[in-house]
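Q: Structure in structure tokens, see below.
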Amino acid sequence: MELKNRIAQALDVAKKTPTQVAADTGLSDSAISQLLSGKTKNLRANSAVKFEAATGVRASWLITGEGPMLASTQNVMAAPVGAKRIPLISYVQAGCWTGIVDNYQPGDADEWLLTDLELSGSAFALQIKGDSMLPEFKEGDRVIIDPNVGPLPGDFVVAKNGDDEATFKKYRPRGVNEQGTVVFELVPLNEDFPSMRSDSQPISIVGTMVEHRKYRKK
């Protein structure tokens with residue numbers, strides 16, 4: 001089997017496009033195109049290792065076509081961590097995020113999360129506190145929020161009240177008022193906590209959750 005066919009098979013196994021593999025390996029789109037067209041006849045070892053990390057196909061098989069193709073016989077495969085950094089901020093910062101995000105600098109966060117999601121420059125992460133969102137969200141879990149993503153019914157959102165205090169709840173629209181504004185309810189998953197409605201107190205949506213990270217308790 002020619003190298004170009006092995007490369008194509010690796011992309012097929014990973015269910016990735018050439019552009020995605022280029023981004024995951026750090027190779028250029030043209031380099032991937034030349035490999036797939038057969039113009040490049042040999043694959044360098046360091047590039048093969050990057051392909052293995054991105055596709056789960058063994059570097060040695062990509063180079064020689066010999067031996068087992070998959071890097072693992074298990075039902076998991078390597079995935080890129082991603083290079084986009086998201087600041088982990090406090091609930092206080094989340095409440096006034098739209099006012100500080102334009103001036104936010106890398107040193108302003110004590111910790112950053114890496115993600116491979118395509119997010120806006122306003123995205124941030126929060127660490128869950130309290131028990132209001134049990135059992136799905138436990139204290140210490142982290143969520144990534146994108147202010148540029150509008151919520152749909154059932155989404156989880158960060159919202160703020162009139163005092164710029166932030167909260168994390170489930171979003172539930174309740175119709176439209178006489179002014180044409182959507183009335184919504186913020187619902188805790190834990191029934192021991194009360195819901196909040198936008199027509200009974202000032203609430204505005206800060207952003208919508210796009211990723212939930214759970215952590216094993218030590």
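The values are calculated or read from the model by the stated rules, or taken from the named source; none is laboratory data. Because the structure is predicted, anything quoted here is derived from the model rather than measured. Cβ coordinates were reconstructed from backbone atoms using ideal geometry, including for glycine residues, and neighbour counts include every protein chain displayed.
Q: Condition check: more than 28 Å from Pro18 (Cα to Cα), at pLDDT 60 or above and either of a type in the set (Gly, Ala, Ser) or part of a loop (DSSP other than H, G, I, E, B) (or both). Does Ser122 satisfy that?
A: On the way: more than 28 Å from Pro18 (Cα to Cα): yes; at pLDDT 60 or above: yes; either of a type in the set (Gly, Ala, Ser) or part of a loop (DSSP other than H, G, I, E, B) (or both): yes.
Yes.
Q: Suppose we filter Asp141, Asp164, Asp155, Asp192 for residues that are out of contact with any Ser or Thr (no Cβ under 9 Å at 6 or more places or on another chain) and either loosely packed, with under 13 Cβ neighbours inside 10 Å or more than 20 Å from Cys96 (Cβ to Cβ) (or both); which single one remains? Give the steps one after another, and end with the answer.
A: Working: Asp164 fails: either loosely packed, with under 13 Cβ neighbours inside 10 Å or more than 20 Å from Cys96 (Cβ to Cβ) (or both); Asp155 fails: out of contact with any Ser or Thr (no Cβ under 9 Å at 6 or more places or on another chain); Asp192 fails: out of contact with any Ser or Thr (no Cβ under 9 Å at 6 or more places or on another chain).
Within the list Asp141, Asp164, Asp155, Asp192, the selection yields Asp141.
Q: If you don't mind, there's one more thing I want to ask. Here's a check for you: in the range 50-62, which residue that is touching a residue at least 40 places away in the same chain (Cβ under 8 Å) and not in a loop (DSSP other than H, G, I, E, B) is farthest from Arg6 (Cα to Cα)? Before you say what the answer is, go through the steps one by one.
A: The initial filter retains those residues of the range 50-62 that are touching a residue at least 40 places away in the same chain (Cβ under 8 Å), namely 51, 54-57, 61-62.
From the residues that got through so far, the ones that are not in a loop (DSSP other than H, G, I, E, B) too are 51, 54-55, 57, 61-62.
Numbers: Phe51: 11, Ala54: 14, Thr55: 12, Val57: 9, Trp61: 8, Leu62: 6 Å.
In this case the residue turns out to be Ala54.
Q: Out of all the residues in the range 71-93, is one or more assigned to a helix (DSSP H, G or I) and either at pLDDT 85 or above or surrounded by 13 or more Cβ atoms within 10 Å (Cβ to Cβ) (or both)?
A: Checking the range 71-93: at least one residue is assigned to a helix (DSSP H, G or I) and either at pLDDT 85 or above or surrounded by 13 or more Cβ atoms within 10 Å (Cβ to Cβ) (or both).
Q: Given the criteria at pLDDT below 95 and more than 15 Å from Ile205 (Cα to Cα), does Lys129 qualify? Full working, then the answer.
A: Values: at pLDDT below 95: yes; more than 15 Å from Ile205 (Cα to Cα): yes.
For Lys129, the condition - at pLDDT below 95 and more than 15 Å from Ile205 (Cα to Cα) - is met.
Q: Residues of the range 132-156 being over 19 Å from Ser204 (Cβ atoms), in a loop (DSSP other than H, G, I, E, B) and charged (D, E, K, R), which ones?
A: Answer for the range 132-156, where residues must be over 19 Å from Ser204 (Cβ atoms), in a loop (DSSP other than H, G, I, E, B) and charged (D, E, K, R): Glu136, Lys138, Glu139, Asp141.
Q: Keeping to the range 191-218, report how many residues are polar (S, T, N, Q) and touching an Asp or Glu at 6+ places or on another chain (Cβ under 6 Å). Explain how you work it out, then say what you get.
A: Looking only at the range 191-218, we keep the residues that are polar (S, T, N, Q), and these are 195, 198, 200-201, 204, 208.
Those still in the list that are touching an Asp or Glu at 6+ places or on another chain (Cβ under 6 Å) too: 195, 208.
So the answer is 2.
Q: Against the conditions (1) in contact with a strand residue (DSSP E or B) (Cβ under 7 Å, 6 or more places away or on another chain); (2) more than 30 Å from Gln20 (Cα to Cα), where does Gly180 fall short? Just the number, please.
A: For Gly180, the failing item is (1).
Q: Condition first: part of a loop (DSSP other than H, G, I, E, B) and touching a helix residue (DSSP H, G or I) at 6+ places or on another chain (Cβ under 7 Å). Now tell me which residues in the range 163-190 satisfy that. Reasoning before the result, please.
A: We begin by selecting, within the range 163-190, every residue part of a loop (DSSP other than H, G, I, E, B); these are 163-165, 177-181, 188-190.
Those that are part of a loop (DSSP other than H, G, I, E, B) and touching a helix residue (DSSP H, G or I) at 6+ places or on another chain (Cβ under 7 Å): Asp164, Glu165.
Q: I'd like the full set of residues that are within 15 Å of Tyr171 (Cβ to Cβ) and either in a loop (DSSP other than H, G, I, E, B) or touching a His at 6+ places or on another chain (Cβ under 8 Å) (or both), limited to the range 191-215. Give the steps one after another, and end with the answer.
A: Going through the range 191-215, the residues within 15 Å of Tyr171 (Cβ to Cβ) turn out to be 195-199, 203-210, 212.
Ser195, Ser198, Asp199 - these are the residues of the range 191-215 that are within 15 Å of Tyr171 (Cβ to Cβ) and either in a loop (DSSP other than H, G, I, E, B) or touching a His at 6+ places or on another chain (Cβ under 8 Å) (or both).
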